[in-house]
Amino acid sequence: MLRGVAEWVWYDAGAAAAAIRLGLSPLSTVFGAIVRGRNRRLDAQRALAAIPALSVGNLTVGGSGKTPVASWFAQCLRDLGAHPALVLRGYGDDEWRVHRLLTPGLPVVLNADRVAALGEASGRGADCAVLDDAFQHRRAARVANVVLVSADRFPDPVRLLPAGPFREGLGALRRATSVVVTVKAADRRAVERVEACLREAAPDVPMARVHLVPGGVRRAADSGGGPLGVSENAQAHDTGWLAGRSLLLTSAIADAEAFERQVVAQGVRLVRHLRFPDHHDYSDRDVSRLVSESRNTDGVLCTLKDAVKLASRWPREAVPLWYVSQTLVIDRGAEVLQQECLRVLAARAVTIPTAGLSG
């Protein structure tokens with residue numbers, strides 16, 4: 001409930017939300033001063049990392065696509081011969097499960113202390129790491145600092161918490177090694193507006209653009225979820241299968257609006273979209289409600305982040321539970337993303353003299 005109210009205040013164009021934002025502006029000024037002080041303190045406490053790290057973070061509260069992008073970087077590093085780990089705080093009971101499904105076989109380390117987590121990752125055989133959501137966790141040293149900015153959730157003007165969703169202002173982009181604009185359902189003009197703002201704020205930082213698109217449809221629970229919450233050999237279809245299907249949507253993600261726009265664009269006949277707060281832990285009552293409201297439909301459709309929590313609890317007698325996950329498609333700046341991986345490999349080669357581009 002609180003998150004829903006906050007997002008209304010941050011993004012709604014109406015007069016009431018604008019008045020609340022204006023009233024919260026003095027608190028945003030105080031928040032900005034606190035952040036600047038915290039940053040100075042953490043910079044003074046910067047600790048050497050046990051292994052080279054690439055950070056994937058953002059400036060806002062959720063919704064920029066960090067999980068699929070972090071997984072993409074981890075897979076890229078593995079393909080180049082490295083042995084990466086994924087390091088994250090482990091907020092909620094979904095992100096680590098998603099990472100293990102997207103990058104099977106890679107260590108996933110959960111620890112709010114990123115410095116300690118890097119040491120643990122090294123002890124588990126990793127020679128580099130991808131830090132998921134670590135741009136503001138400045139105490140952990142990193143060789144690459146990738147910042148994501150969502151073109152779908154970019155309010156104008158930029159406002160710091162609590163009047164807006166930003167943890168830091170756009171000037172913070174200058175400490176990034178690259179900026180990646182993520183696009184789910186935003187139109188071309190919105191994307192160009194965001195990119196212009198970012199170039200003005202950080203003109204010397206390389207920029208890339210990626211689309212996060214639905215990467216096929218899978219049945220989440222054919223006969224109960226596996227150890228990660230979803231069946232590993234589930235029935236699958238390409239996204240064209242969605243056209244004309246009567247589906248109930250459910251999501252507990254930061255950008256539910258973009259998810260809905262994505263699937264509607266595939267031709268889904270939307271029955272209803274039940275939206276829950278980001279990282280929401282679905283209760284028995286929630287599951288019962290989904291089952292009840294999806295009767296006489298072709299099924300319930302959710303994201304992978306939701307499926308890892310719902311699949312093992314989905315009743316056999318209910319309509320099918322389907323999910324889509326986000327696939328990363330590089331629109332522009334492939335060389336920028338490649339350079340970030342090469343930064344890590346170069347640092348890895350110095351740390352481990354026998355290591356190179358091919359491992």
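Just one of Arg159, Arg153 is farther than 27 Å from Ala220 by Cβ, touching a residue at least 60 places away in the same chain (Cβ under 8 Å), of a type in the set (Lys, Arg) and touching a strand residue (DSSP E or B) at 6+ places or on another chain (Cβ under 8 Å); which is it? Break it down into steps so the answer makes sense when it comes.
Details: Arg153 fails: farther than 27 Å from Ala220 by Cβ.
Arg159 is the lone residue from the list that is farther than 27 Å from Ala220 by Cβ, touching a residue at least 60 places away in the same chain (Cβ under 8 Å), of a type in the set (Lys, Arg) and touching a strand residue (DSSP E or B) at 6+ places or on another chain (Cβ under 8 Å).
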Worksheet item: For the stretch 30-45, does any single residue satisfy the condition of being at pLDDT 95 or above, closer than 25 Å to Ala256 by Cα, surrounded by 15 or more Cβ atoms within 10 Å (Cβ to Cβ) and not small (Gly, Ala, Ser)?
Response: no
Practice prompt. Kindly establish whether Gly164 is assigned by TED's automatic domain parsing to the domain that holds Ser64, outside any strand (DSSP E or B), more than 20 Å from the chain's Cα centre (by Cα) and of a type in the set (Gly, Ala, Ser).
Written response: no
Worksheet item: Any residue in the stretch 189-204 that is in contact with a strand residue (DSSP E or B) (Cβ under 6 Å, 6 or more places away or on another chain), outside any helix (DSSP H, G or I), of a type outside the set (Gly, Ala, Ser) and in contact (Cβ under 8 Å) with a residue 12 or more places away in the chain?
Response: no
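Enumerate the strands (runs of 3 or more DSSP E) found wholly within the stretch 32-133, keeping only those where 1 or more residues are among the acidic types (Asp, Glu) and in contact (Cβ under 8 Å) with a residue 24 or more places away in the chain.
Numbers: elements: 53-58, 84-88, 108-110, 128-132.
Answer list for the stretch 32-133: 128-132.
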Worksheet item: In the list Ala141, Ala176, which residue meets the criterion of being in contact with a strand residue (DSSP E or B) (Cβ under 6 Å, 6 or more places away or on another chain), under 20 Å from Leu42 (Cα atoms) and among the aliphatic types (A, V, I, L, M)?
Response: Ala176
Fill in: Options Val191, Val180: the member that is within 19 Å of the chain's Cα centre (by Cα) and buried (at least 22 other Cβ atoms within 10 Å of the Cβ)
Val180
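Let's see how each residue does on (1) under 30 Å from Tyr11 (Cα atoms); (2) of a type in the set (Ser, Thr, Tyr):
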| residue | (1), (2) |
| --- | --- |
| Arg41 | no, no |
| Ala49 | no, no |
| Pro52 | no, no |
| Asn58 | yes, no |
| Ser64 | yes, yes |
| Pro68 | yes, no |
| Ala82 | no, no |
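Yes or no, residue by residue, for (1) touching a residue at least 60 places away in the same chain (Cβ under 8 Å); (2) assigned by TED's automatic domain parsing to the domain that holds Trp241; (3) within 21 Å of the chain's Cα centre (by Cα):
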residue: Gln266; (1), (2), (3): no, yes, no
residue: Phe276; (1), (2), (3): no, yes, yes
residue: Asp284; (1), (2), (3): no, yes, no
residue: Val300; (1), (2), (3): no, yes, no
residue: Leu310; (1), (2), (3): yes, yes, yes
residue: Ala318; (1), (2), (3): no, yes, no
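Looking at Asp94, Asp133, which one is within 30 Å of Leu24 (Cα to Cα), crowded, with 18+ Cβ neighbours inside 10 Å, among the acidic types (Asp, Glu) and under 13 Å from the mean Cα position of the chain (by Cα)?
Details: Asp94 fails: within 30 Å of Leu24 (Cα to Cα).
Answer to the check: Asp133.
Please tell me if Ala74 is over 24 Å from Ala252 (Cβ atoms), assigned by TED's automatic domain parsing to the domain that holds Val180, of a type in the set (A, V, I, L, M) and more than 13 Å from the chain's Cα centre (by Cα). Please lay out each step first, then the result.
Working: over 24 Å from Ala252 (Cβ atoms): no; assigned by TED's automatic domain parsing to the domain that holds Val180: yes; of a type in the set (A, V, I, L, M): yes; more than 13 Å from the chain's Cα centre (by Cα): yes.
Against the criterion (over 24 Å from Ala252 (Cβ atoms), assigned by TED's automatic domain parsing to the domain that holds Val180, of a type in the set (A, V, I, L, M) and more than 13 Å from the chain's Cα centre (by Cα)), Ala74 does not qualify.
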Practice prompt. Consider Leu290 carefully, then state whether it is assigned to a strand (DSSP E or B) and either at pLDDT 95 or above or touching an Asp or Glu at 6+ places or on another chain (Cβ under 8 Å) (or both).
Written response: no
Worksheet item: Taking the stretch 242-263, which residues are within 11 Å of Leu301 (Cβ to Cβ) and not in a loop (DSSP other than H, G, I, E, B)?
Response: Leu242, Ser246, Leu247, Leu248, Leu249, Thr250, Ser251, Phe259, Glu260, Gln262, Val263
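The values are calculated or read from the model by the stated rules, or taken from the named source; none is laboratory data. Just so it is clear, the model here is predicted, and its values are computed rather than measured. Virtual Cβ from ideal backbone geometry, glycine too; neighbours counted across all protein chains shown.
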